[in-house]
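The values are calculated or read from the model by the stated rules, or taken from the named source; none is laboratory data. This structure is a prediction, so every number in the text was calculated from the model and none was measured. Cβ: placed from backbone, ideal geometry, glycine included. Neighbour counts: every protein chain shown.
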Amino acid sequence: MAARRVHFLAGIAVAPFVFLLAATGLGHTVAPLLDDLIHPTALFVDEVGAQALPVSEQVSAALIEHRGARVTSVTVPGDPDRTTRVALDVLGVPLSVYVDPYTAVVRGTLESTGTPTREWLAEAHRSLHLGEPGRLYAEFAVSWLPIIVLFGVFLRVSQRRRSGARAWHGALGLALAAALLLIGFSGVQRTVLAGERVSAVLSTAPPRLHAPPVTPAPARVGVDDVVALARSAGLSGALTVVPPERGDRPYEVAESGGGPSQVDKVAVDPYLGRVTAAVGWADYSATAKARAVATAFHHGLLFGWANRLVLAGVALGTIALLALGYRMWWARREAPPPVWRYLSTRARTLLIVGTAGVCWLLPVLGASLVAFAAVDRLARRRSR
């Protein structure tokens, strides 16, 4: 009965925010396809050549178009039909210049750090374009999501079979449970308040690249040598090169293909011309690997377009699940009775301690839980 009450009351309160996450998540899922449709000239080459030109020539082509700009990163494509992205800072304005790697011809310039479509949809999913305060909506929903899902699964497998909307709600929830838990595990670690706490408790933070100090010298290696050194160190696929902002810092090169195991990163001393530090998939702890896999699934990068189709299905299925839940609530319009008074002293103690721990770990959940309890108690007093 307690599981049913928590699932019912939390579901009713959290459902609108989960709906927003599902709807904006659906948009974010199709963002790469929209990018390719909206910006084909910038993102693709006309013809795949026999061999790409040196990366330095491609960067020079971008700088000719925007003199005085500062290069913030260069992304070398992993696919032969894609363009090279040169990210620039032009008096504080971020620009992405897309260059044909075979001809060094600028194919297009977009005023964003990535592509505008994907960035807009990602920000809608993250904060509804309300800034840092807007991120709390996602934290509220993603903090409650695992609890609602787990209680729902318990109710589905422990109770007798139902018919109508309740049967469909239970079956659909059971089918979506694993995906929703993966998304919740990934999402909660990117939240404003709970993210660092959850990451610290579960030890899911990825290893950091610790490069030794750089001693400036007259001669520096160029971006072509840096890319070659990264390739020789084992990095593959698309690479993102971040040049040092100061003379005493190294280049950083990271795999940017997006797969969970494509996380290798190296530091290159710009004066010695050698790799001075490296981290890779083998350096990740088991929990950090679990987080990387969950995040790749959440972003549609785990198994290509099939992953994105699954995510689209999960988003649409979640919206249907919420609609069925509200249909059940409308038909019943009352929550199951509280069971606190029927619990033993030991059960109450364990529940209080466990709830306090969860509330510390997930502060938005804790604050909303107190609010739920207060409103529920007030409503029951008025109904007497």
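Computed values, structure above
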{"item": "From the options P80, P94, P101, residue that is outside any loop (DSSP other than H, G, I, E, B) and of a type outside the set (A, V, I, L, M, F, W, C)", "result": "P94"}
{"item": "Candidate set: segment 208-228, residues that are β-branched (V, I, T) and not in a loop (DSSP other than H, G, I, E, B); chosen: the one nearest to V76 (Cα to Cα)", "result": "V227"}
{"item": "Condition met for Y137 (at pLDDT below 95 and among the aromatic types (F, W, Y))", "result": "yes"}
{"item": "Every residue from segment 80-109 that is buried (at least 21 other Cβ atoms within 10 Å of the Cβ) and among the hydrophobic types (A, V, I, L, M, F, W, C)", "result": "V86, A87, L88, V97, V99"}
{"item": "Where S112 falls short, out of the listed (1) outside any helix (DSSP H, G or I); (2) surrounded by 19 or more Cβ atoms within 10 Å (Cβ to Cβ)", "result": "(2)"}
{"item": "Members of segment 61-71 found to be in a loop (DSSP other than H, G, I, E, B) and at negative phi, listed by number", "result": "H66, R67, A69"}
{"item": "Qualifying residue in segment 150-162 (condition: at pLDDT 85 or above, within 22 Å of H298 (Cβ to Cβ) and outside any loop (DSSP other than H, G, I, E, B))", "result": "yes"}
{"item": "Of residues in segment 16-61 being among the polar types (S, T, N, Q) and under 25 Å from the mean Cα position of the chain (by Cα), the one modelled with the lowest pLDDT", "result": "T29"}
{"item": "Members of segment 229-269 that are free of Cβ contacts under 8 Å to residues at least 40 places away in the same chain, closer than 16 Å to H210 by Cα and outside any loop (DSSP other than H, G, I, E, B)", "result": "Y251, V253, A254"}
{"item": "Residue within segment 157-180 that is assigned by TED's automatic domain parsing to the domain that holds G300, touching a helix residue (DSSP H, G or I) at 6+ places or on another chain (Cβ under 7 Å) and polar (S, T, N, Q) present", "result": "no"}
{"item": "Only one of T295, T318, T276 that is hydroxyl-bearing (S, T, Y), in contact with a Pro (Cβ under 9 Å, 6 or more places away or on another chain) and assigned to a helix (DSSP H, G or I)", "result": "T295"}
{"item": "Top-ranked residue of segment 173-205 - restricted to ones that are under 17 Å from F154 (Cα atoms) and in contact with a Gly (Cβ under 6 Å, 6 or more places away or on another chain), ranked as modelled with the highest pLDDT", "result": "L176"}
{"item": "Flag if L174 is in contact with a Lys or Arg (Cβ under 7 Å, 6 or more places away or on another chain) and closer than 30 Å to L316 by Cβ", "result": "yes"}
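Let's see how each residue does on (1) within 26 Å of A315 (Cβ to Cβ); (2) surrounded by fewer than 16 Cβ atoms within 10 Å (Cβ to Cβ); (3) among the small types (G, A, S):
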| position | (1), (2), (3) |
| --- | --- |
| V188 | yes, no, no |
| V198 | yes, no, no |
| L202 | yes, no, no |
| T215 | no, yes, no |
| G237 | no, yes, yes |
| D264 | no, no, no |
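Condition check ((1) surrounded by fewer than 16 Cβ atoms within 10 Å (Cβ to Cβ); (2) in a helix (DSSP H, G or I)) across all residues:
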| residue | (1), (2) |
| --- | --- |
| T41 | yes, yes |
| D46 | yes, no |
| A50 | yes, no |
| V59 | no, yes |
| S73 | no, no |
